[in-house]
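The values are calculated or read from the model by the stated rules, or taken from the named source; none is laboratory data. Here the structure is a predicted model, which is why all the values come from computation and not from measurement. With ideal geometry, Cβ positions are generated from the backbone for all residues, glycine too; neighbour counts draw on all protein chains shown.
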Amino acid sequence: MKIFAPDYYKDFRCIAGSCQHSCCIGWEIDIDRKTADFYKNVPENFGKRLCENIDFHEEGGTFRLCENERCPFLNEKGLCDIIINLGESALGQVCDDHPRFRNFYESRTEIGLGLCCEAAAKLILEKQSPFSVSEIEDDSEFTETVPEEERFFAFREKAFRTVQNRNLPMERRIENLLELCETSLPEKTFSEWAEIYLGLERLDKKWTEVLEYMAKNPSPPKIPDEVSAEQLLCYYLFRHFSIEEPELSCAFAVLNFYITEKAAEYTGLLESARLYSSEIEYSDENKEKLLDIIYETEV
Ligand code: SF4
């Protein structure tokens, strides 16, 4: 399979003990079947500890979270006791993969880093050179091209270049992007969007505070740093722009961008991107509801 990734992908490093919002807190963590079987057979004390802290089931297992929804193997220094005792290769797929996401095509798989991880958010949003995607691996026999996908990737490149036109202010670049994709956002004030987002499932109290701020401050966001804004929109396009629904997914990427930028007035951009990603990108239900709203109103 050919694997494509953004240029910053290989520079990602988990900051583990220094992470302020560890992915080992607050999330249900599944264990794939192969790893669960391995954990069941770890000998001695650590094996006993694994068995006592995992609910095993047909699909594999799930860690039994401790108080404050901490993974039972996240120690007080913020490090993983499974890695310390058994090595990194003992991690299950979910733990090993985070914060990576994948988009699957017939001719390639694309892999990216999610903004819900603060180390990934810093890497993505503080980068100065323009975002680009390239092949990082090819171990496939499949050499044919898929014309429909080739057209889509070429069109998406055009969309990236439109967002990366640094001769124009960000507002103008977004207008050009929406025009290129023949789409638009529903006409709503930020107060109205805030009410919509308040009606979605929410995880973090901080996100509720952000939305309450937005409800009271409906003016469009000021964009203090155009380079990080550009990286943010390219990230949303790379993650969500879809071959099946280019108009809808482009509008969704732009909505994500505006709400993140507006939220940044309250929290700063790194934190608003992290919150937005955790609250929306990792909830299929929330994403679907927002896509439905865009679809029903405008596209
Ligand atoms: S959120 Fe990112 S930096 Fe923090 S522990 Fe998880 S992978 Fe590491």
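Side notes on the structure shown:
- Scanning the stretch 133-158 for residues that are surrounded by 14 or more Cβ atoms within 10 Å (Cβ to Cβ) and of a type outside the set (A, V, I, L, M, F, W, C) turns up Glu149, Arg156.
- Residues that are within 13 Å of the ligand (Cβ to nearest atom) and surrounded by 15 or more Cβ atoms within 10 Å (Cβ to Cβ), drawn from the stretch 51-78: Arg70, Cys71, Phe73, Leu74, Gly78
- Residue under evaluation Ala120, criteria (1) outside any loop (DSSP other than H, G, I, E, B); (2) farther than 17 Å from Cys24 by Cα, criterion not met: (2)
- So Glu69, is it within 20 Å of Ser278 (Cβ to Cβ) and at pLDDT below 95: yes
- Among residues of the stretch 151-170 being part of a helix (DSSP H, G or I) and touching a residue at least 24 places away in the same chain (Cβ under 8 Å), the one that is farthest from Phe257 (Cα to Cα) is Phe152.
- Arg274 vs. criteria in contact with a helix residue (DSSP H, G or I) (Cβ under 6 Å, 6 or more places away or on another chain) and in a helix (DSSP H, G or I): yes
- Single residue of the stretch 171-193 satisfying the filter (out of contact with any helix residue (DSSP H, G or I) (no Cβ under 8 Å at 6 or more places or on another chain) and assigned to a helix (DSSP H, G or I)) that is farthest from Lys216 (Cα to Cα): Glu179
- Being of a type in the set (A, V, I, L, M), assigned to a helix (DSSP H, G or I), more than 22 Å from Leu113 (Cα to Cα) and at pLDDT 95 or above holds for only one residue in Ile196, Ile294, and it is Ile196.
- The listed residues are Arg239, Arg172, and the only one of them that is basic (Lys, Arg), at pLDDT 95 or above and buried (at least 16 other Cβ atoms within 10 Å of the Cβ) turns out to be Arg239.
- Residues of the stretch 28-50 satisfying the condition of being crowded, with 17+ Cβ neighbours inside 10 Å and within 16 Å of the ligand (Cβ to nearest atom): Ile29, Asp30
- Annotation note: Cβ proximity below 8 Å between a residue of the stretch 14-40 that is under 17 Å from Ala120 (Cβ atoms) and a residue that is within 11 Å of the ligand (Cβ to nearest atom) and assigned to a strand (DSSP E or B) (sequence gap 6+ or interchain) occurs for Ala16/Cys80; Ser22/Leu74; Cys24/Leu74; Cys24/Cys80; Ile25/Leu74.
- The stretch 1-27 - residue that is away from the ligand (no atom under 15 Å from the Cβ) and part of a loop (DSSP other than H, G, I, E, B) and, of those, nearest to Ala119 (Cα to Cα): Asp7
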